[in-house]
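Structure first, then comments.
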Amino acid sequence: MDTLKIIENPPEAYPAVSGLSAQAAELEAVAIWQRIEAYIAWRWVSRPVILTVDGCGDWEPPLNPTTIDQAYSCSGSDWTPVDLAFGPLGFMLPDGLTKIEATVGTDETPPAAVFEAFRRLAEYLADETDRAGLSQYSVKVGQIEESYSRSVSWVARAMQHSGAGDLLRPYRRA
């Protein structure tokens, strides 16, 4: 079973996060939520999604929680509605292409670990040092010497380096 395509519409609003520094609060919260959602399989704000799956047999949705609204099987150039039965390892899909219209997410409050991951990621990205993005920095004035080293990929690795990734581990894709 291959999930060929996922069309996920963004939610109207994401949960507000409190306890951020002034610099972190100025960051675009939507961008941070989208980065977190790209890293995990869980959604805490409901939204519509369309999945296109190829193959037959047991299939488990890649996003959680998922409520299937309607499924369609491809017959030539037309989509025919089908009922999906629930099997031992997920939904039983017919042979060929299946288009699934679903709702993903829940309107429950995210767990404390998810809010903490947001906070850590925002604080890490809000680092306002003038050395951000440099691979190495050092200066010596008399007897005083200062050196600083940071990977040039520090923003790309922010999820891991901030500690947010560790908190989000239970919500990762299987």
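The values are calculated or read from the model by the stated rules, or taken from the named source; none is laboratory data. Keep in mind it's a predicted model, so treat the numbers as computed, not measured. Note that we place each Cβ from the backbone using ideal geometry, even for glycine, and neighbour counts take in every protein chain shown. The protein model used for the area step is the full one, side chains on, heavy atoms only, and it has no ligands, DNA or RNA in it. Shrake-Rupley method; radii C 1.70, N 1.55, O 1.52, S 1.80 Å.
Summary table
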read-out: Rounded to 10°, Cα long-axis angle of helix 112-125 versus longest principal axis of the chain; value: 50
read-out: Length gained when the stretch S151-D78 is fully extended (0.36 nm per residue, less Cα-Cα span); value: 21.2 nm
read-out: Estimated FRET transfer efficiency (L97, R172; beta-carbon r; R0 22 Å; 0.05); value: 0.20
read-out: T52-A31 FRET efficiency (beta carbon distance; Förster radius 25 Å; 0.05 resolution); value: 0.40
read-out: Accessible-area composition of the chain, carbon plus sulfur, in percent [1.4 Å probe]; value: 50
read-out: For G165, net neighbour charge (Lys/Arg +1, Asp/Glu -1) across residues whose Cβ lies under 14 Å away; value: +4
read-out: On Cα atoms only, tilt of 29-39 relative to the major axis of the chain in degrees; value: 60
read-out: Computed helical MRE - 222 nm, the chain, DSSP H runs ≥ 4 contributing -39500 (n - 2.57), nearest 500; value: -5500 deg cm²/dmol
read-out: Accessible surface, region 1-105, averaged per residue in Å² (probe 1.4 Å); value: 54
read-out: Qualifying GluC sites (Glu not before Pro) for region 1-37 [loop in DSSP, other Cβ within 10 Å: at most 11]; value: E12, E26, E28
